[in-house]
Amino acid sequence: MRKTAAAEPEAIAFLNARLIDPASGRLYVADTANHRVLSWPSAADFRLGQAADRVLGQPDFGTNTALVTPTAASLNNPIGMAVDGAGNLYVADIGAKAVLVYGPDRQFLRRIGGDKWFSRLTSVTVDPAGSKLYAVDIGGVSSERHVVRVFDAKSGEHLMDIGKRGSGPGE
């Protein structure tokens with residue numbers, strides 16, 4: 001892995017998040033500026049300069065296009081990631097204002113959220129069973145969306161919000 005503006009299997013333009021799947025040992029890196037997530041089979045065996053073996057959010061390693069209107073499976077600006085006990089990968093995409101979910105074999109499963117739910121989505125986590133998804137929205141200067149949004153990780157149904165903008169208890 002080396003830093004570059006080009007979309008190559010061993011190059012990262014802007015490293016924003018990294019994650020190791022505790023079950024498989026697979027390494028995931030959010031390459032925000034190239035609008036993709038790269039993955040290597042083993043974090044323990046990873047070597048500098050080693051090419052990734054998987055790319056998510058782009059059709060191939062050589063493409064780094066941010067779609068004006070993202071498709072269900074494309075990434076715009078991946079910024080945070082989580083993995084559940086089944087190996088499903090959850091990618092928080094600040095540009096798409098959604099969490100995109102990929103199965104262990106990298107197939108796109110579903111999209112959770114969207115403009116209605118997020119202003120500035122920054123991070124995501126999921127419980128080990130993969131039943132609840134927690135997404136942090138830091139909003140903006142004029143936004144009231146300073147919350148942790150909780151969704152059903154399977155259906156995408158919004159369950160509740162935790163916190164709100166303010167300086168009082170729970171705010």
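The values are calculated or read from the model by the stated rules, or taken from the named source; none is laboratory data. Just so it is clear, the structure is predicted and the values come from calculations on it, not from any experiment. So basically every Cβ, Gly included, is an ideal-geometry build from the backbone, and we count neighbours across all protein chains shown. All accessible areas refer to the heavy atoms of the entire protein, side chains included, with ligands and DNA or RNA removed. Shrake-Rupley method; radii C 1.70, N 1.55, O 1.52, S 1.80 Å.
The table for this structure:
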read-out: Whichever residue in segment 122-162 is of a type in the set (Asp, Glu) and outside any loop (DSSP other than H, G, I, E, B) and, among such residues, is most open to solvent (accessible area, probe 1.4 Å); value: Asp161
read-out: Ala92 being out of contact with any Ser or Thr (no Cβ under 7 Å at 6 or more places or on another chain) and not polar (S, T, N, Q); value: no
read-out: Residue, most open to solvent (accessible area, probe 1.4 Å), within segment 108-119, restricted to residues that are in a loop (DSSP other than H, G, I, E, B) and within 15 Å of Asp161 (Cα to Cα); value: Lys116
read-out: Filter pass, Ala82 being aliphatic (A, V, I, L, M) and closer than 24 Å to Ser155 by Cα; value: yes
